[in-house]
1. First select every other residue whose beta carbon is under 9 angstrom from the beta carbon of residue 457; then total the charges, Lys and Arg +1, Asp and Glu -1.
2. Net charge near residue 135, counting Lys/Arg +1 and Asp/Glu -1 over other residues with Cβ under 10 Å of its Cβ?
3. Measure off, as a whole percent, the carbon and sulfur share of the 1.4 Å-probe accessible area of the range 217-262, all protein chains present.
4. From the phi of every residue in the range 394-403, what ³J(HN,Hα) in whole Hz does the Karplus formula 6.51 cos²θ - 1.76 cosθ + 1.60 yield, where θ is phi - 60° and glycine or proline is x?
5. Sort out for me the Cα centre separation of the range 106-150 from the range 284-330, rounded to whole Å.
6. Taking θ as phi - 60°, what are the ³J(HN,Hα) couplings along the range 208-221 by the Karplus curve (6.51, -1.76, 1.60), each to the nearest whole Hz, with x for Gly and Pro?
7. Give me, ordered by chain and number, the residues 5 or more places off residue 180 or on other chains with an amide H under 5 Å from its own placed amide H.
8. Can you work out the Karplus-derived ³J(HN,Hα) for every residue in the range 194-199? Use 6.51 cos²θ - 1.76 cosθ + 1.60 with θ = phi - 60°, whole Hz, and x for glycine or proline.
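The values are calculated or read from the model by the stated rules, or taken from the named source; none is laboratory data. Since this is a predicted model, take the numbers as computed values, not measurements. Cβ placement follows ideal geometry from the backbone for every residue including glycine, while neighbour counts extend to all protein chains displayed. These area figures cover heavy atoms from the full protein model, side chains too; ligands, DNA and RNA do not enter into them. Shrake-Rupley method; radii C 1.70, N 1.55, O 1.52, S 1.80 Å.
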Amino acid sequence: MDADVTDSPPPEPDHRAGDEPRPDTPTPPEPAGPTLSPDAPGAPAGPREPDAAEAPEAPGGPEASEGPEAPGGPEAPNTRHHWLRWTALGVSFLVLAAAGTGWWIYKKLDGNIRTDTTAAAELERYEKERPPPGTGNAQNLLLIGSDSRAGSNSAYGRDDGGSQRSDTTILLHLAADRKSATAVSLPRDLMADVPDCLKQDGTRSKAQLAQFNWAFEFGGAACTIRTVEKLTGIRIDHHMIVDFSGFKDMVDAVDGVEVCLKEPVDDRQAHLRLPAGRQTLHGEQALGFVRARHGFGDGSDTERMDRQQQFLGSLVRKAQSNGVLLNPTRLYPVLDAMTKSLTTDPGLNSLRDLYDLVRGMRGIPTDKVQFLTVPRRPYVNDINRDELVQPAARVLFQQLRDDQPLHVTPAGSAEKEKGDGDGRTGSPERADGSASDDKPDDPASPTPTPTYSGSNAAVGMCE
């Protein structure tokens with residue numbers, strides 16, 4: 001007989017680990033109560049997730065495992081602040097260093113300048129005798145080249161107790177509009193009325209007719225200024241005294257000045273030996289060149305002044321070149337040499353005062369920086385001395401007082417008019433180089449403007 005068959009369903013299949021539950025199998029509910037962490041007491045033992053400290057390092061070390069930080073993460077603002085702080089500190093340091101260096105240079109140059117307080121006091125004493133100040137912004141400066149043998153100048157002669165004479169004296173007129181400058185040389189051998197002056201020993205010299213450069217020996221700059229003011233009727237606003245050593249240093253600071261010589265020069269008294277031709281002179285040679293008398297031409301002071309004017313014109317042109325004024329490494333030696341060599345009145349005894357003066361002059365075209373010598377001729381009582389030519393000298397001084405433009409032409413450049421054999425032009429010129437103030441024959445004709453023989457800074461000695 002067959003076995004009994006029951007109606008009970010077949011048993012459910014047994015689910016093993018890893019098998020997916022059937023879709024219709026309900027998910028068992030979460031157990032109630034708090035969930036215990038694996039480390040909590042009473043937690044069932046079993047596998048647990050490793051701590052960060054125990055996690056294996058990613059290839060490349062801990063830095064690689066961290067990965068790049070997301071932009072704008074917590075470290076980005078701190079990093080930017082760090083770099084900004086150091087940049088600000090660096091910039092501040094550079095600014096302070098530059099300011100400190102600039103201040104040191106300014107104080108050094110400013111301290112180089114010496115002040116002539118004695119002259120200021122003496123001029124104040126004779127204020128009522130002096131010409132009235134000029135009108136407008138025109139200025140008159142007296143440039144005095146001292147031939148003192150004291151100190152570093154002892155190589156040029158014996159120091160006889162500190163005495164000195166003005167080796168070169170130039171009246172520099174700056175036009176009110178600062179469009180021209182006129183330098184008038186006053187011969188050292190010119191006979192002039194020298195007033196009584198305060199001497200170095202406290203005594204006073206007597207008023208006398210004497211050689212012009214004796215005024216500086218009698219009473220220094222104050223005596224020279226009073227002599228010039230009496231001679232010209234022009235008020236001297238400022239003065240500068242330059243010594244031998246300072247002149248040499250200024251020439252060296254601009255890397256020398258070019259000159260041209262038709263013949264070789266050998267002047268033992270000036271310590272000067274030069275070949276003929278084009279050449280650049282530096283300190284010692286330049287000084288000998290402007291001081292020498294016996295090695296050039298007829299050895300006259302007139303020829304020496306002409307040579308000094310040409311050399312100063314070349315020096316001005318060299319100093320105005322972009323290679324000097326716009327180059328701090330070349331400008332500083334020029335300023336250092338200039339300030340070391342200067343003794344000035346209290347109105348020019350600071351670097352700021354000198355800067356204001358130079359700033360007003362730097363825009364003057366070189367052809368408007370003119371040089372001439374006061375009209376003069378041999379002194380009637382001594383051909384080795386000079387005297388003024390009148391009324392030509394009075395005309396020149398009046399033009400300077402009135403700040404009128406001057407016409408200066410190179411010596412011998414006046415063209416002869418047709419049928420006129422004496423060399424006169426519409427602006428007459430004398431044979432001795434001084435201006436002619438002759439009036440035209442026709443009274444209705446305008447009075448011609450005097451023309452003076454001289455040079456300007458635009459024309460070098462080799463042109």
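1. On the way: positive: 317, 368; negative: 367.
It works out to a net charge of +1.
2. Working: positive: 401; negative: 402, 403.
Summing Lys/Arg as +1 and Asp/Glu as -1 gives -1.
3. Details: 650 of 1430 Å².
For the range 217-262, the apolar C and S fraction of the accessible surface comes to 46 percent.
4. For the range 394-403, the Karplus curve yields 5, 5, 4, 5, 5, 4, 5, 4, 8, 6 Hz.
5. Taking the Cα centre of each part, the range 106-150 and the range 284-330 sit 23 Å apart.
6. Per residue, the Karplus-derived 3J(HN,Hα) values read 6, 7, 8, 4, 3, 6, 5, 4, 5, 5, 5, x, x, 5 Hz.
7. Placed amide hydrogens put 175 under 5 Å from residue 180.
8. Whole-Hz 3J(HN,Hα) from phi for the range 194-199: 9, x, 5, 9, 6, 8.
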